[in-house]
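For reference, the structure is listed below as structure tokens.
Each reported figure results from applying straightforward, stated rules to the coordinates on display, with no laboratory input. Because the structure is predicted, anything quoted here is derived from the model rather than measured.
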């Protein structure tokens, strides 16, 4: 019975709250994938709420839709994960909601930066080029005067593909068969909206494309979509037939590289084949699941929600900090810490000397004595050849950094007399604090301090 109770407790601790930012279509109902997330969350006893971008309110730790004030949804940095859906990405005003949540410390799938890259086909193409992801030749058309130079970039061969920078589900993707058609269409688009951004891509003939779902750097599944008869597109929403697809080693790696290029958490990578060659067309930051669940016969929404029950799979937008920052240790005071991105081992704090008696660590630094409960004696290998195994006491200390207090941070007590600072922070704490270190800068979010520290201006 006790084991059963323990299991229930552990399972309960893994629960989280799900916030979905979405839009409503013309009919007064949710889009398919949004509704699927709500239904599966209910089945898994996960509290869920769909926040409509058109009527969203975010105040403090609560969100709600206008007209639904009695049904406010509580959010927190530790317990809420937000999934951003579809057309939210089409308006900057809607994306501001994502930024608000990121600033509040909510884990968002995907980040505003990732969404902004994916929704902009030219930015995506540039990322692919920078990271070596194979993609069709691409050029941006900025004006009638620069049209020819854009054509020269991709090689003026017809047919070619014209895309508006912001389109989805195959909308805004046009098959161009001649220079005359191209000129006429561009003139029409710019007459309707002179700010329309146009992309030209070389056409790569293929009878199908492949959609690959990537979740936190791992392949979830893939499907093949056959080109619609009488069309050149293969979108499920356009009537394409779908079936499960088995990726080869090269296709898997290309898909993972494309996802990494946009720093995705949950994405769909679309590619086509030309013989043995693979070309990535785009990465979608909010893939629908209707077609791919049909193709695979899997409950992918449930798999995604279960995946996020593990908090290690959550990601937050990192705040930039310097390689040296001021932290405050409970019972000790302020100290300059070295945020070492290469330190995957342990946090360390300096002691001139220490003693362990009856489970208590008594240690001295700069003429002051401190006491902490011993967690354990920590052992690790020292030296370039790991020729020496050393043992040092491990303690827990609460830290306040950048306005937030972090409980029970583990520190090894060791002599750092010869080191730059008397405190060294590790990768685990940086992830916990959601910070990204800029190695070229010092003291980005805090001020230099002259207290309990050793600091060399020349380092």
**Item:** Whole-angstrom gap from the range 246-295 to the range 58-93, using each part's C-alpha centre
**Value:** 29
**Helix-only mean residue ellipticity at 222 nm for the chain, each DSSP H run of n ≥ 4 adding -39500 (n - 2.57), per residue, nearest 500** = -7500 deg cm²/dmol
**Request:** Could you tell me whether the range 319-438 comes out rounded, prolate or oblate from its Cα gyration tensor? Rule is a ≥ b ≥ c as square roots of the eigenvalues, rounded for a/c under 1.5, then prolate if a/b exceeds b/c, otherwise oblate.
**Result:** oblate
**Asked** Is the range 255-386 best put as rounded, prolate or oblate by its Cα gyration tensor, with a ≥ b ≥ c the root eigenvalues, rounded for a/c under 1.5, and otherwise prolate when a/b is larger than b/c, oblate when not?
**Response** prolate
**Message:** As I understand it, the value is the acute angle between the Cα axis of helix 179-192 and the longest principal axis of the Cα atoms of the chain; what does it come to in degrees, rounded to 10?
**Reply:** 60
**Prompt:** Quick one: Cα centre-to-centre distance for the range 156-227 and the range 397-431, in angstrom?
**Reply:** 50
**Request:** Translational diffusion coefficient, Stokes-Einstein: compute it for the chain using the Kirkwood radius over C-alpha pairs as Rh, at 37 °C and 0.692 mPa s, and state it as an integer in µm² s⁻¹.
**Result:** 128
**Asked** In degrees, nearest 10, range 0 to 90: what is the angle between the Cα axis of helix 249-261 and the longest Cα principal axis of the chain?
**Response** 70
**Request:** Return one number: the angle in degrees, 0 to 90 and rounded to the nearest 10, between the long axis of the Cα atoms of helix 121-131 and the longest principal axis of the Cα atoms of the chain.
**Result:** 60
**Item:** Mean separation of Cα contacts under 8 Å, 6 or more apart, over the residue count of the chain: relative contact order %
**Value:** 12
**Asked** How much of the DSSP beta bridge set in the chain is antiparallel, as a percent to the nearest 5?
**Response** 75
**Request:** Normalising by the residue count of the range 87-175, find the relative contact order in percent from Cα pairs under 8 Å and 6+ residues apart.
**Result:** 20
**Message:** Would the range 137-202 count as rounded, prolate or oblate if I go by the C-alpha gyration tensor, calling it rounded below 1.5 in a/c and otherwise prolate when a/b exceeds b/c, oblate otherwise?
**Reply:** rounded
**Asked** For the range 319-438, what's the relative contact order in percent, using C-alpha pairs closer than 8 Å and at least 6 residues apart?
**Response** 36
**Complete:** the range 40-166: antiparallel bridges as % of DSSP beta bridges, rounded to 5, reads 65
**Item:** Share antiparallel - DSSP beta bridges, the range 319-438, percent rounded to 5
**Value:** 80
